[in-house]
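The values are calculated or read from the model by the stated rules, or taken from the named source; none is laboratory data. As the structure is a computational prediction, the values presented were derived from the model and not from experiment. Here the Cβ positions follow ideal geometry from the backbone for every residue, glycine too, while neighbour counts run over all protein chains shown. Heavy atoms of the whole protein, side chains included, go into the accessibility calculation; ligands, DNA and RNA do not. Shrake-Rupley method; radii C 1.70, N 1.55, O 1.52, S 1.80 Å.
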Amino acid sequence: MTEYENVLVETDGPVATITLNRPEKLNAISGGLRDDLEAALRELNPGDDIRVIRLKGAGRAFCAGYDLTPGGGAMNWRPNQRTGDQAWELGESRIALDRENLRVSVDRWLWMWGYRKPIVAQVHGWCLAGGGEMIGACDIVFASETARFGHPAGRAIGIPPTLGMWPAKIGMLKTKELLFSGDTVDGIEAERIGMINRAYPEELLDEETMAYCQRIANVPLDGLTVHKHSTNRWFELMGLRVAASEGADFDAIWHEAPSINEFVNIGREKGLKVALEWRDDPFGDGRGALKRRT
């Protein structure tokens, strides 16, 4: 296997484990991490010696979302400052460039959704924003009971364009409740509402996820692929691919809101931590959504 800068790849019989490996950034999605993840999946795609992919994160979190730090790959657009005498010399609008980048991003998640081998996500710690899109493109999601899922960015700076496939997984009402508040839910609640398959005590998560991967690897790859794609096709015929693609348009509109300009300006002048505090402080600890009844 190729050695990658941002992911680690290990094999155990028919199961390959890809580990997101930016622990110092809580595995936030940079351009490099996303490129390496896709390259590893492409390398593991041929043949049937590897029949199942397990996806997990190094360090304290699975994936804290898209990398918002300068140069991280998100939030780096600026207004067009080209000049000229003719209309065509003035270049493209920011919203058009943003929409195109978001369309490319959605297509990349949908490529992962359509990958021919099952991808089983193993989630611990934070799984936010782009992390939710990543597991939305996976087939099975196991998590620790203490993992946290949600989209706090929705309070000021946009949507995850695919919505993490939440409308298909948890339904309209739960999707809106989480998006409107930006609050997070733990693994137990995520299992209850259908966002993930199972929640385990953290000390059992690795063992249980690998055991499941090894178990389903007893099915021939042809069978696994048919199971996966025939199930996916139900949702695609109901419009999942089109709806996900539309998310790029809606997110580009969101990105023209004054709140996102303020977030970016605070981040550039005072740092990302201060910008996040400006966004999140009115919401308390962010754990208010979908509290379980006792």
If I ask for residues that are in contact with a Cys (Cβ under 6 Å, 6 or more places away or on another chain) and part of a loop (DSSP other than H, G, I, E, B), which ones from the range 52-70 would you list? Phe62
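A quick yes/no check of all residues on (1) open to solvent by less than 50 Å² (accessible area, probe 1.4 Å); (2) touching a Gly at 6+ places or on another chain (Cβ under 8 Å); (3) among the basic types (Lys, Arg); (4) at pLDDT below 95:
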{"residue": "Leu97", "(1), (2), (3), (4)": "no, no, no, yes"}
{"residue": "Leu102", "(1), (2), (3), (4)": "yes, yes, no, no"}
{"residue": "Met112", "(1), (2), (3), (4)": "yes, no, no, no"}
{"residue": "Tyr115", "(1), (2), (3), (4)": "yes, no, no, no"}
{"residue": "Ala143", "(1), (2), (3), (4)": "yes, yes, no, no"}
Any residue at all in the range 277-293 that is modelled with pLDDT under 95, over 28 Å from Ile119 (Cβ atoms), of a type in the set (A, V, I, L, M) and in contact with a Lys or Arg (Cβ under 9 Å, 6 or more places away or on another chain)? no
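Would you mind finding the one in Val104, Val120, Val141, Val185 that is farther than 30 Å from Ala217 by Cα and part of a strand (DSSP E or B)?
Values: Val104 fails: part of a strand (DSSP E or B); Val120 fails: farther than 30 Å from Ala217 by Cα; Val141 fails: farther than 30 Å from Ala217 by Cα.
Only one candidate passes the filter, namely Val185.
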Being open to solvent by 20 Å² or more (accessible area, probe 1.4 Å) and of a type in the set (A, V, I, L, M, F, W, C) is the filter here; which residues of the range 216-239 pass it? Ile216, Val219, Val226, Trp234, Phe235, Leu237, Met238
Is there any pair with a first residue in the range 199-220 that is over 16 Å from Thr146 (Cβ atoms) and β-branched (Val, Ile, Thr) and a second that is open to solvent by 70 Å² or more (accessible area, probe 1.4 Å) and assigned to a helix (DSSP H, G or I) whose Cβ atoms are under 8 Å apart and which are 6 or more apart or on different chains, and what are they? Val219/His227
Go through the range 193-209 and count every residue that is open to solvent by 30 Å² or more (accessible area, probe 1.4 Å) and either of a type in the set (A, V, I, L, M) or not in a strand (DSSP E or B) (or both). 9
Among the residues of the range 5-21, write down those that are of a type outside the set (Val, Ile, Thr), over 19 Å from the mean Cα position of the chain (by Cα) and open to solvent by 40 Å² or more (accessible area, probe 1.4 Å). Glu5, Glu10, Asp12, Gly13
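For every residue, the table says whether it meets (1) open to solvent by 20 Å² or more (accessible area, probe 1.4 Å); (2) in a strand (DSSP E or B); (3) modelled with pLDDT of 95 or more.
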| residue | (1), (2), (3) |
| --- | --- |
| Thr146 | yes, no, yes |
| Phe149 | no, yes, yes |
| Ile157 | no, no, no |
| Met165 | no, no, yes |
| Met172 | yes, no, yes |
| Glu177 | yes, no, yes |
| Glu191 | yes, no, yes |
Using beta carbons and a limit of 8 Å, which pairs, at least six apart or on different chains, have the first residue in the range 22-48 and more than 23 Å from Arg116 (Cα to Cα) and the second one of a type in the set (Val, Ile, Thr)? Lys25/Thr69; Ala28/Thr69
Within the range 33-51, identify whether any single residue is closer than 21 Å to Gln214 by Cα, surrounded by 13 or more Cβ atoms within 10 Å (Cβ to Cβ), polar (S, T, N, Q) and at pLDDT 95 or above, and answer yes or no. no
Name the residue that is nearest to Gly31 (Cα to Cα), counting only residues in the range 123-138 that are within 11 Å of the chain's Cα centre (by Cα) and part of a loop (DSSP other than H, G, I, E, B). Ala129
